[in-house]
1. Within the range 48-61, identify whether any single residue is crowded, with 16+ Cβ neighbours inside 10 Å, in a helix (DSSP H, G or I), at pLDDT 80 or above and of a type in the set (Asp, Glu), and answer yes or no.
2. Any chance the range 40-58 includes a residue that's touching a Gly at 6+ places or on another chain (Cβ under 7 Å), closer than 21 Å to residue 126 by Cα and of a type in the set (Gly, Ala, Ser)?
3. Could you give every pair whose Cβ atoms fall below 9 Å, whose first residue belongs to the range 67-88 and is at negative phi and of a type in the set (Val, Ile, Thr), and whose second residue is modelled with pLDDT under 95 and not in a helix (DSSP H, G or I), counting only separations of at least 6 or pairs across chains?
4. For the range 23-66, give me the residue count where each residue is in contact (Cβ under 8 Å) with a residue 60 or more places away in the chain and farther than 27 Å from residue 100 by Cβ.
5. Restricting attention to the range 8-41, report how many residues are modelled with pLDDT under 65 and surrounded by 10 or more Cβ atoms within 10 Å (Cβ to Cβ).
6. Among the residues of the range 107-133, count how many are closer than 21 Å to residue 47 by Cβ and either over 10 Å from the mean Cα position of the chain (by Cα) or loosely packed, with under 14 Cβ neighbours inside 10 Å (or both).
7. Could you give every pair whose Cβ atoms fall below 9 Å, whose first residue belongs to the range 96-109 and is closer than 17 Å to residue 74 by Cα, and whose second residue is surrounded by 11 or more Cβ atoms within 10 Å (Cβ to Cβ) and at pLDDT below 75, counting only separations of at least 6 or pairs across chains?
Amino acid sequence: MEKNQLIAKNRDFYPDNISRIEGKSFQPVNLAFMGDGIYESYIRRYVVLNHPGMKVGDLHRLCTKYVRATAQSAAVGELEKELHDDELFIFKRGRNAATATVPKNTSVVVYKRATGFEAVIGYLFLTGKSERMEELIEKAVRIIEKG
């Protein structure tokens with residue numbers, strides 16, 4: 001297969017970044033689904049790079065410090081005032097979206113705020129705003145580490 005054919009196939013599989021308008025049309029829970037995976041991936045990378053000799057079980061426990069709903073909710077509580085208009089729109093849609101379940105160890109309010117944060121991360125990822133996404137993730141990590 002020629003290189004150009006391979007690139008064309010990859011574009012079919014991974015379409016170019018979507019526009020801001022298209023991003024706003026996604027279901028907020030779908031954006032949160034995407035954001036959850038992206039955020040956790042970034043957190044895993046952060047933890048592994050900062051603790052290269054740590055056992056996997058310990059890495060997992062450390063990751064949960066950053067990815068649990070209470071941590072995300074606390075982080076977005078401080079970040080909310082820094083969100084751009086389109087991010088705030090997505091956050092509110094994610095926060096207010098109907099969810100089928102709530103984890104047993106957190107309140108509905110905390111869980112919904114975390115869902116809003118994940119929706120913002122998913123939105124930024126899908127619209128190709130990776131620098132902004134990474135900025136918010138880094139700020140969230142710093143907020144969570146401060147406690």
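1. Among the residues of the range 48-61, not one is crowded, with 16+ Cβ neighbours inside 10 Å, in a helix (DSSP H, G or I), at pLDDT 80 or above and of a type in the set (Asp, Glu), which makes the answer no.
2. No: the range 40-58 contains no residue that is touching a Gly at 6+ places or on another chain (Cβ under 7 Å), closer than 21 Å to residue 126 by Cα and of a type in the set (Gly, Ala, Ser).
3. Listed by first residue and then by second, the contacts come to 70/105; 70/106; 70/107.
4. 1
5. Qualifying residue count for the region: 4.
6. 1
7. The qualifying pairs are 108/102.
The values are calculated or read from the model by the stated rules, or taken from the named source; none is laboratory data. What you see is a predicted model; the values in this text were computed from it and never measured. So basically every Cβ, Gly included, is an ideal-geometry build from the backbone, and we count neighbours across all protein chains shown.
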